[in-house]
Amino acid sequence: MRTATKMPKLTIAIDGPAGSGKSSLAKRVAQILGYLYLDSGAMYRALALKALREKIALDNFLTLDELARDTHIELKPPTPEQEAAGSKNCVFLDGKEVTQAIRTAEVAQAASRLATIAGVREILVAEQQRAGGGGGVVMEGRDIGTVVFPRAELKIFLEASPEVRAERRWKEHQEKGETMTLAQVLEEVRERDRRDRERKVSPLVRAADAVLVDNTAMDVEETARLVVMLAREREKELARTAGREA
Ligand code: CDP
Ligand code: CDP
């Protein structure tokens, strides 16, 4: 009698620039596959919020290293109400919820400056590896496929044109009643992209084995269907390999 093969759980890494749709995609893929969803960018944003609140200069590397060491950041799945309101991960900074507070353009800019500091990255990467280390996880960010989980079984590099990415972000700001113009958002996105791609430590680059997906003209659902199909193929491949080795 044949026994049913248990499908292995993958680690899925999704990287890409601001507004490319990483969070929406990662969250939807995790939902379909029954995986854990983790937003690594929320950790950089939470630490940046603390630095801004404590008025620490963003070029004071030593103090920021210390701040990262002394800070506790936790990502939790949203409650059904928070999910309905569009929240992805619920984010706790030293035990207090900051899920909404980290979603401003000021925090995004500060996060991308903090993210250039090697010591800060080391601490947050270790935390991300601990949180996602059990597999059955979709993690999104800038360096997930290259640094955090270089052995992830499926890596996606998500792209979209800068204009479309800025427009997506601008719509979110509009919905929250914020008054940034589309041109300001485009400038913010371009500046962050440049810093993320050009920094010395763990820059935003496509891993050699990442699948490039340009979703400029695709919606979240279409993109998620494509990635779930790739994930199912990988699951089957791994199950076959495990079967041969057993
Ligand atoms: O996480 P990231 O900054 O890469 O992007 P996101 O937060 O997932 O997406 C930014 C906005 O674009 C959200 O409001 C998404 O609903 C929207 N979006 C879209 O309209 N079409 C896509 N294919 C992907 C995202
Ligand atoms: O949602 P969006 O794509 O706009 O940004 P995010 O994913 O929340 O990340 C905010 C900033 O954190 C990015 O601009 C990066 O500088 C940094 N980041 C990073 O360096 N590495 C990661 N794995 C995730 C975020």
Evaluate the stretch 50-64: report whether one residue or more is closer than 20 Å to Val185 by Cα, without any contact (Cβ under 8 Å) to a residue 60 or more places away in the chain and either of a type in the set (Gly, Ala, Ser) or touching a Lys or Arg at 6+ places or on another chain (Cβ under 7 Å) (or both).
-> no
Looking at the stretch 111-162, which of the residues that are of a type in the set (D, E, K, R) and under 13 Å from the mean Cα position of the chain (by Cα) is surrounded by the most Cβ atoms within 10 Å (Cβ to Cβ)?
-> Glu140
Any residue in the stretch 178-196 that is within 15 Å of ligand 2 (Cβ to nearest atom), free of Cβ contacts under 8 Å to residues at least 24 places away in the same chain, assigned to a helix (DSSP H, G or I) and within 21 Å of Glu140 (Cβ to Cβ)?
-> yes
Which of the residues belonging to the stretch 63-91 are farther than 25 Å from Ala118 by Cβ and not in a loop (DSSP other than H, G, I, E, B)?
-> Lys76, Pro80, Glu81, Gln82, Glu83, Ala84, Cys90
A careful count of residues in the stretch 207-246 that are over 25 Å from Pro8 (Cα atoms) and of a type in the set (D, E, K, R) gives 2
Within the stretch 48-62, restricting to residues that are small (Gly, Ala, Ser) and part of a helix (DSSP H, G or I), the one that is farthest from Arg28 (Cα to Cα) is Ala51
Checked against (1) in a helix (DSSP H, G or I); (2) modelled with pLDDT of 95 or more, Arg151 satisfies every condition except (1)
Within the stretch 29-56, work out how many residues are over 13 Å from the mean Cα position of the chain (by Cα) and among the charged types (D, E, K, R).
-> 4
Residue satisfying all of: in the stretch 78-103; within 24 Å of Glu191 (Cβ to Cβ) and surrounded by fewer than 17 Cβ atoms within 10 Å (Cβ to Cβ); modelled with the lowest pLDDT among these | Gln100
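The values are calculated or read from the model by the stated rules, or taken from the named source; none is laboratory data. Nothing here was measured: the structure is a model prediction, and the numbers come from that model. Reconstructed Cβ throughout: ideal geometry from the backbone, glycine too, with neighbour counts over all protein chains shown.
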